[in-house]
Every structure is written in structure tokens, then in C-alpha cells.
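Visitor: Okay, handing you the structure first.
Bear in mind these aren't lab numbers, they're just calculated from the coordinates by the rules spelled out. Quick caveat: nothing in here was measured; it's all calculated off a predicted structure. Heads up, the Cβs are rebuilt from the backbone with ideal geometry, glycines too, and the neighbour counts pull from every protein chain shown.
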Amino acid sequence: MDKKEILNRMKMFSERTIDNGCSEAEAMLAAQKLSELQAKYNVSLTELDVQEMDFEINYFEAGKRKHPVVCSLNGIRDFCQVEILMHSYTRRNDNTSGNISFFGAPHNVQNALYLMNLIRATMEQEFAQFKTQWEYQDLRMRHHPQSIRSNFLNAMGYRIGDRLKRMAKDENQQVKEQSSTGTDLVVLAGQKRDLEHRKMFPRIGTARGRHSGSGSAASAGAAAGDRASLSRGVGSGSSGGTLRLS
């Protein structure tokens with residue numbers, strides 16, 4: 001009996017409950033059979049949940065020139081457990097409300113969209129604050145304002161992305177230490193998400209990254225990325241708790 005058949009039988013037994021019209025004896029027998037299958041084949045209903053995962057795709061508008069918040073995408077991908085793809089700005093249609101797509105479990109996609117908007121707003125707020133400082137006025141005497149802005153925001157975006165990647169790595173390590181089965185389920189879910197995403201976009205390529213910049217503007221941006229308070233909100237954990245920035 002292959003794993004898919006085992007999981008299907010487990011689902012069948014799990015649905016034989018008194019609430020679903022079974023007698024007490026039938027429900028008890030089904031529970032016993034379910035337990036026997038779990039012990040014999042070392043599988044769980046959680047794995048079945050992974051096999052039957054639903055996915056959705058949603059879009060974020062980063063603008064034709066792509067706002068520097070895109071520098072944090074790798075961190076958002078790992079932290080929110082989603083697949084991310086940048087699309088051509090000129091090829092959008094009525095079904096595409098932005099040029100960056102997020103694909104994954106619905107709650108993870110919503111977290112990723114929320115986080116992108118939050119990071120972009122935080123970056124703009126930090127840069128506005130930087131513009132009031134003497135350091136910015138000094139840079140204006142030697143550099144174009146757009147160059148200063150790019151160096152600051154790119155560096156800040158990359159720093160926040162790196163911090164999110166480390167947080168995701170730490171959480172995965174905690175899952176691994178608590179339960180090897182939990183780690184296996186994370187891997188299974190990721191594999192299924194990647195497979196479904198590649199079915200939707202079979203010609204996925206590799207995008208070029210931005211330069212993080214150098215000089216005092218980039219240093220100030222990186223420092224701003226370090227200052228951003230990254231903490232879990234209500235419902236924290238690998239199940240997709242919302243991140244909070246302040």
C-alpha cells in the first residue's frame with residue numbers, strides 16, 4: 001500500500017465519527033484502525049493536510065521602476081513560506097493587479113502582502129527622517145538626490161531581508177529540535193508549493209539582484225534596517241503569525 005492510499009484510508013477513518021452519523025461502536029472501531037495505521041506506517045493526518053493544501057496567488061504593485069522594497073523579497077519568501085515572482089510591468093492584464101506575485105497557502109500569502117506594504121512604509125518613513133539630518137544635506141553637495149535615496153533604501157531593504165532570513169532559519173531549527181516529523185512536514189509543504197508554482201509558471205527564470213550600494217547613505221540605510229523592530233504578533237509560530245514592525 002503506497003503512502004497516498006494509506007493517507008486516504010486514514011482520512012476515511014477520521015471521518016467516521018458520531019457527529020457524522022456513526023454509532024459509538026463504529027466510531028471507536030474507526031479510531032482504533034486510525035491509530036493502527038499511524039503506528040504501522042509512521043504517518044499522520046497532518047501529512048494528509050499537506051497533501052491537500054490549497055494555494056492562492058496574489059499581487060503587489062511595486063511600480064514600473066520597482067520600489068527598493070524588492071530588496072527584502074528573499075527574506076519575505078523564507079519567512080512567510082511563499083513563492084515570489086517578478087513580472088514584466090508592460091504585460092499585466094485585468095487579472096494582474098501588480099508586478100510581483102506571491103504564491104502559497106492563503107494565510108501565508110496575506111502575511112507576505114501585509115509585510116511588503118509594512119516594510120515599504122517603514123523604509124519611506126526612515127528615509128524621510130534621514131533627509132532631515134545634516135548627513136543628508138552634506139551628501140546633497142556631492143551626490144544626486146536619487147542616488148542617495150537608492151543607496152539608503154536598497155541597503156535598508158537588504159538588511160531587513162537578511163534579518164527575516166535569519167528569523168526563518170531559527171524557527172526551522174526550533175521545529176527540527178522539537179520534532180523530526182514537523183521538519184519533514186515543512187519540507188513536504190515546501191516541495192508541494194514549489195511544484196504547484198512551477199506548474200503555473202513553467203518558464204521561471206532567475207532575476208538579477210540590485211546593488212546594495214556603498215558610502216554613508218548605504219550605511220545609514222543598513223542601520224535603519226537594524227533599527228526596525230521585527231517581532232511576531234498574535235498567533236506567532238511557523239503556522240503563519242503576523243510580523244510586526246515598529
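Visitor: Rounded to the nearest 0.05, what FRET efficiency is calculated for Ala128 and Met200 with R0 set to 45 Å and r the Cβ-Cβ distance?
Guide: 0.75
Visitor: List the lysines whose alpha-carbon lies under 29 Å from that of Lys11, not counting same-chain residues fewer than 8 positions away?
Guide: Lys3, Lys33, Lys40, Lys176, Lys192, Lys199
Visitor: Additional query: Long-range amide H contacts for Leu85: which residues qualify at under 5 Å (H placed 1.01 Å from N, peptide plane, sequence gap of 5 or more or a different chain)?
Guide: Placed amide hydrogens put Ser101 under 5 Å from Leu85.
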